[in-house]
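Report on one structure; see the data block that follows.
The values are calculated or read from the model by the stated rules, or taken from the named source; none is laboratory data. Fair warning: this is a prediction, and the values are worked out from it, not measured in the lab. With ideal geometry, Cβ positions are generated from the backbone for all residues, glycine too; neighbour counts draw on all protein chains shown.
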Amino acid sequence: MSAVQSVSGKSPSATPETYDVVVVGAGLAGMYMLHRLRGLKMTARVFEQGDGVGGTWYWNRYPGARCDVESMQYSYSFSDELQQEWDWSERYAPQAEILKYANHVADRFDLRPDIQFNTRVDRCVFDEDTNRWSVTTSDGATVVAAFVVLATGCLSNARMPDIEGISGFKGKVYHTGNWPHEPVDFTGLRVGMIGTGSSAIQSVPVIAEQAKHLTVFQRTANFSIPARNAPLTAEEREIFRKNYPEVRRFAREEARNGIYTELPDRGALDDGDNDRRAKYEARWRHGGLTFMSVYNNLALDKTANDTAADFVREKIAEIVRDPETARLLQPNNHPIGTKRICIDTDYFATFNRPNVMLVDIKSNPFEEILPNAVRTGGKDYEIDALVLATGFDAMTGSVAKIDIRGRNGQTLNQKWAEGPKTYLGLMSAGFPNLFIITGPGSPSVLSNMIVSIEQHVDWISDCIAFMRDRGLDTMEAKKDAEDNWVAHVNEVAHTTLYPQANSWYMGANIPGKPQIFMPYIGGVGPYRQICNDVAAKGYEGFAMTGAERPRKMAAS
Ligand code: N01
């Protein structure tokens, strides 16, 4: 039986269609949420603004886009048949293959009938008399739901830089986070690239191979580790498949970041120079994100961190032939790892190509963009096309675009004006029955996203089932539980070096955005345990009301 009396099919009258749950977004989070709701026999409608599934992997089609978590681990674990049968072709899956996987999952679990594509959710209003959400979409329709789940993604609101003259540029302008679906051909063109984060670091080597010339405009240099991508052999896949129970358990319960890897048992200063260097060399040769797990104190102790940062800076100097370019590419304004570490294939070596130039816009900020050039430092750099790899309004940007109104008509944007406030990253007080998947206050972007997505979806599904089984109507974070959690998230962040960087984790890339460390850095294992304990104690810290109780009951 459903939590609400659902009306299936088209309503003959003006009565809005009613669902148990509306899910916003059909990325990897929204898709699994729908699958679980189906299993609970709940009625659900997923609204997706794109014309296909896949979220991040639907939008981020820029050249060189691929996942920085290894493919055998960046995959759903909820279906053993799926993980045993799907063949990943490379150590790190390219965007097109992950999108194919998302489409395969949508077909395999027959998800499409409940997903409405090309439809944005514009407004969600909580009605305190009925305890239901009214959800208005970009096609002008309104549906009613007992629950709304925001599966809107953390990095899905592409940020256009505010640079004078950009609208008058005569060539094509592309944003890496909103790349065209048809192939883009840079052959014979002079391309300008703004930004040097993960997206730029992946796309620079690929664009440089095709374009006549590439000028990279860098404001902040970033640390990047070689991916060492390679085709996966059948044997390598088999090792993972056989060990999946343990790999998945470890990723969920023991790893801080949801990735199966060797855990360090000592700090960087516990080893002498030679041993330390040998360990960094081995990880550099192995490639990938696990470089940061050589030692257990790289995120905590600046002196320890400096040893890893110095090692990478030396590597950059070895790879890049022009000493001035090498110097500019060496990051020097944040500890390594405190901005999302980048993973690359030949990024630094690309600056040895005769058709690639690095321009420092830190010391010479943009003056303006002309119809055919970028002007900086009194010089014009002529370009035919412009690529903006300028990032996202992360973690809160997509939620902020929806007009969400909870109790007393308060909007979520009003409530989050000084920074996002959630309990466990899952709910925000004053917004009953509104769940967020991998929201601020949860490990989300600091982890293997699929691990965190599955944990949240499972927790939310269990919670909705709990409510249904007990005839409960509303659930809402209590303010004191939320305040304590926000303080805890902040406190844990400040035991690390992370807040020392002007990163998008802090909201520092968006002018005027409150600077608060948004994800929970306590680790996916401890976080899962906290969520499980809360559930085991009858959802401690949440107020729940029964359908028969007075409906205008604000959480205390
Ligand atoms: O964005 P970013 P991204 N003028 O915000 C520069 C994930 N991801 O799309 O640092 C000039 O990191 C800005 O300069 P600065 C991953 O989590 C994952 O690259 O602000 N420059 C910076 O260099 C990642 O962290 C993968 O000084 C301007 C760049 O643009 C996250 O997405 C792949 C500017 C933005 O870097 C975001 O990465 C790709 C301006 N006005 C992305 N505005 C995987 O591998 C911005 N910049 C899974």
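Looking at E482, E491, can you tell me which residue is crowded, with 19+ Cβ neighbours inside 10 Å, modelled with pLDDT of 95 or more and acidic (D, E)? Answer to the check: E482. Taking the stretch 345-379 as the range and being more than 23 Å from E314 (Cβ to Cβ) and within 11 Å of the ligand (Cβ to nearest atom) as the test, the residues that pass are V359, I361, P365, F366, I369, V374, T376. Looking at the stretch 189-244, which of the residues that are among the basic types (K, R) and closer than 30 Å to L82 by Cα is farthest from the ligand (Cβ to nearest atom)? So the residue we want is K242.
Could you pull out the residue among G471, G525, G512 that is of a type in the set (G, A, S) and within 23 Å of V21 (Cβ to Cβ)? Explain how you work it out, then say what you get.
Details: G525 fails: within 23 Å of V21 (Cβ to Cβ); G512 fails: within 23 Å of V21 (Cβ to Cβ).
Answer to the check: G471.
You will find that of T325, T307, T338, the residue that is farther than 25 Å from P264 by Cβ and polar (S, T, N, Q) is T325 and no other. Inspection of the stretch 457-476 finds a residue satisfying the criterion of being under 18 Å from the mean Cα position of the chain (by Cα) and surrounded by 21 or more Cβ atoms within 10 Å (Cβ to Cβ). Is it the case that some residue within the stretch 412-426 is touching a Gly at 6+ places or on another chain (Cβ under 8 Å), crowded, with 21+ Cβ neighbours inside 10 Å and either assigned to a helix (DSSP H, G or I) or without any contact (Cβ under 8 Å) to a residue 60 or more places away in the chain (or both)? Yes, the stretch 412-426 has at least one match.
When residues of the stretch 75-110 are filtered for being without any contact (Cβ under 8 Å) to a residue 60 or more places away in the chain and either over 23 Å from H456 (Cα atoms) or among the aromatic types (F, W, Y) (or both), how many remain? It would help to see each step written out before you state the result.
If we filter the stretch 75-110 for residues that are without any contact (Cβ under 8 Å) to a residue 60 or more places away in the chain, which is where we start, we get 79, 81-82, 85-86, 93-101, 103-104, 107-108, 110.
Adding the requirement that they be either over 23 Å from H456 (Cα atoms) or among the aromatic types (F, W, Y) (or both) leaves 85-86, 93-97, 100-101.
Going through the stretch 75-110 one residue at a time, the tally reaches 9.
If you take the residues of the stretch 113-163 that are acidic (D, E) and free of Cβ contacts under 8 Å to residues at least 40 places away in the same chain, which of them is nearest to H175 (Cα to Cα)? Out of the qualifying residues, it is D139.
Every residue, every condition in (1) more than 16 Å from the ligand (Cβ to nearest atom); (2) touching a residue at least 60 places away in the same chain (Cβ under 8 Å), yes or no:
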{"position": "D469", "(1), (2)": "yes, no"}
{"position": "K479", "(1), (2)": "yes, yes"}
{"position": "H488", "(1), (2)": "yes, no"}
{"position": "T495", "(1), (2)": "yes, yes"}
{"position": "A501", "(1), (2)": "no, yes"}
{"position": "A508", "(1), (2)": "no, no"}
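How many residues are in contact (Cβ under 8 Å) with a residue 12 or more places away in the chain and more than 16 Å from the ligand (Cβ to nearest atom) when one looks only at the stretch 380-408? Result for the stretch 380-408: 13.
In the stretch 104-119 there is at least one residue that is within 30 Å of P511 (Cα to Cα), out of contact with any Leu (no Cβ under 7 Å at 6 or more places or on another chain) and either surrounded by 15 or more Cβ atoms within 10 Å (Cβ to Cβ) or among the hydrophobic types (A, V, I, L, M, F, W, C) (or both).
Looking only at the stretch 140-165, which residues are of a type in the set (A, V, I, L, M) and at pLDDT 95 or above? Of everything in the stretch 140-165, those that are of a type in the set (A, V, I, L, M) and at pLDDT 95 or above turn out to be A141, V143, V144, A145, A146, V148, V149, L150, A151. From the list R219, R252, the lone residue that is of a type in the set (D, E, K, R) and closer than 30 Å to G377 by Cβ is R219.
For the stretch 365-372, state whether one or more residues are under 28 Å from the mean Cα position of the chain (by Cα) and surrounded by fewer than 19 Cβ atoms within 10 Å (Cβ to Cβ). Working first, answer last.
So in the stretch 365-372, the residues under 28 Å from the mean Cα position of the chain (by Cα) come out as none.
No, the stretch 365-372 contains no residue that is under 28 Å from the mean Cα position of the chain (by Cα) and surrounded by fewer than 19 Cβ atoms within 10 Å (Cβ to Cβ).
Against the numbered list (1) under 28 Å from Y244 (Cα atoms); (2) not in a helix (DSSP H, G or I), T474 comes up short only at (1). Residue count for the stretch 349-405 satisfying the condition of being within 30 Å of P443 (Cα to Cα) and not hydroxyl-bearing (S, T, Y): 15. Please give the number of the condition I383 fails out of (1) crowded, with 21+ Cβ neighbours inside 10 Å; (2) in contact with a Leu (Cβ under 6 Å, 6 or more places away or on another chain). In the conditions (1) crowded, with 21+ Cβ neighbours inside 10 Å; (2) in contact with a Leu (Cβ under 6 Å, 6 or more places away or on another chain), I383 misses (2) alone.
Going by what's in this entry, would G195 be described as small (G, A, S), farther than 30 Å from R313 by Cα and surrounded by 14 or more Cβ atoms within 10 Å (Cβ to Cβ)? So G195 does not fit the description; no. Does L40 qualify as being surrounded by fewer than 19 Cβ atoms within 10 Å (Cβ to Cβ), under 16 Å from F435 (Cβ atoms), more than 20 Å from the chain's Cα centre (by Cα) and more than 16 Å from the ligand (Cβ to nearest atom)? So L40 fits the description; yes.
For the stretch 129-161, a tally of residues being away from the ligand (no atom under 16 Å from the Cβ) and either part of a strand (DSSP E or B) or in contact with a helix residue (DSSP H, G or I) (Cβ under 6 Å, 6 or more places away or on another chain) (or both) returns 16.
Within the stretch 162-188, being within 25 Å of G50 (Cα to Cα), part of a helix (DSSP H, G or I) and more than 9 Å from the ligand (Cβ to nearest atom) holds for S167, N178.
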